[in-house]
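The structure under discussion appears below in the form of structure tokens.
Read the figures in this text as sums done on the coordinates, not as results from a lab. In this text, all values refer to a predicted model and were calculated from it rather than measured experimentally. In this analysis, Cβ positions are derived from the backbone assuming ideal geometry, glycine residues included, and neighbour counts consider all displayed protein chains.
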């Protein structure tokens, strides 16, 4: 007799405590991504901390500090790794509780399938639909790949997650699920748009000159993308498209305003393509059952070969430092890990391969340290130990509040001269002196 999906659901339903008791010392776990935190399971696992040893847990930019780290502040029971640092991950890293797994984002699913093994994969999803599917909602990314490597799949349901259409692999069928937890249904974490400062607005004004009708945008999080979104809303631009890793609030405003249509896209025409979304309730409500949006795994959204099938990709990403050789560091301050490579390399590389595409690295020209001293973000060489996120051979555009320069095809001295030209004026003479001493300034 064939069982209905509801009968299968009932058979697989467990409490969070029951599932947590299945975990053994030495097990390897994968947690849900970004803002979709499996809170009930996390709490139940934390309660078992002193009974377990060497349980490895992989996460991806968990927006909320996991309870199991509170239960194990000396990392004696759980080994927590993440593929990209969130703010809470960064604090845990500074406490010696979290490690970083280097990742070029589009390769994540392939890396998992080739090199990672999981005893349990715990994902947060919407309640099962009438056909037996659990929708991942706001985070697709590497979840579907992790499921393929799991000995057991656990779904913690949360009815407050929006139903996000694919794309593909945006759901998992109950036939592939081993246990179901009916969780606490916490409200989905909201990430309000960051206010744009004066420098963000000035940088955005330079970048706006590079955006054309029919451009296909990739934007991240922060004050600069919000400034660009506001300027696009006030512009005469039309028929813009979206192919991005992260969907944000400002994109919704542009879609509702008729500026984003996707009409000029070659791939996924008329669709706003993304792999995860973070923002406010406005964004989450917009995504719910909306066929204008398509959720894909990250090995689709971030694959340079895939994205470059669209013309006029404009990818805009932030950096921490750029040196006079045009190497870009976007993820560490010296040896201190700040975030991760993420999808920056993917989109800078892919945008250049797009017909008419532009990969733009944006950064404020200076920063002020805790003592009040001002430093240049354009430097002779990167700080010792800094991670090169984008090698100089792949850098195309760099923008600060003092201008935007295109570096492809330019010699080392032409690059140094161009970068000094967009550094803060108070540092330009010293940078030119350093460039001469390093023999990369020939004037």
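Descriptive notes on the structure:
- Across region 253-320, counting alpha-carbon atoms alone, Rg and Dmax equal 12.9, 37 Å.
- Secondary-structure-derived ellipticity at 222 nm for the chain, considering helices only, amounts to -7500 deg cm²/dmol, per-run term -39500 (n - 2.57) for DSSP H runs with n ≥ 4.
- Principal-axis analysis of the Cα atoms of the chain puts helix 344-353 at an angle of about 60° to the longest axis.
- Label selected from (1) 0.97; (2) 0.95; (3) 1.00, the criterion being Rg/Rh (Cα atoms, Kirkwood Rh) as computed here: (3)
- As a proxy for reagent exposure, 62, 419 were ordered by neighbouring Cβ count within 10 angstrom, fewest first; the result is 419, 62.
- Efficiency of FRET between residue 131 and residue 205 - r from beta-carbon atoms, R0 56 angstrom, step 0.05: 0.70
- Cα gyration tensor shape of region 366-408, rounded if a/c is under 1.5, else prolate or oblate by comparing a/b with b/c: oblate
- Taking 211, 338, 260 and counting other C-beta atoms within 10 Å, the order from fewest to most: 338, 211, 260
- Between the helical axis of 425-437 and the longest alpha-carbon principal axis of the chain there is an angle of about 80 degrees.
- Anisotropy class of region 361-443 from Cα gyration tensor, a/c 1.5 cut: rounded
- Computed label-point distance, nm, for sites residue 194 and residue 75 using a 7 Å Cα→Cβ extension: 2.6 nm
- Ranked by the mean number of other Cβ atoms within 10 Å per residue, highest first, peptides 119-131, 3-15, 267-279, 358-370 order as 267-279, 119-131, 358-370, 3-15.
- Using a Förster distance of 30 Å, the FRET efficiency for residue 393-residue 369 (Cβ separation, nearest 0.05): 0.45
- Of the residues 430, 159, the one with the fewest other Cβ atoms within 10 Å heads the list, and the complete ranking is 159, 430.
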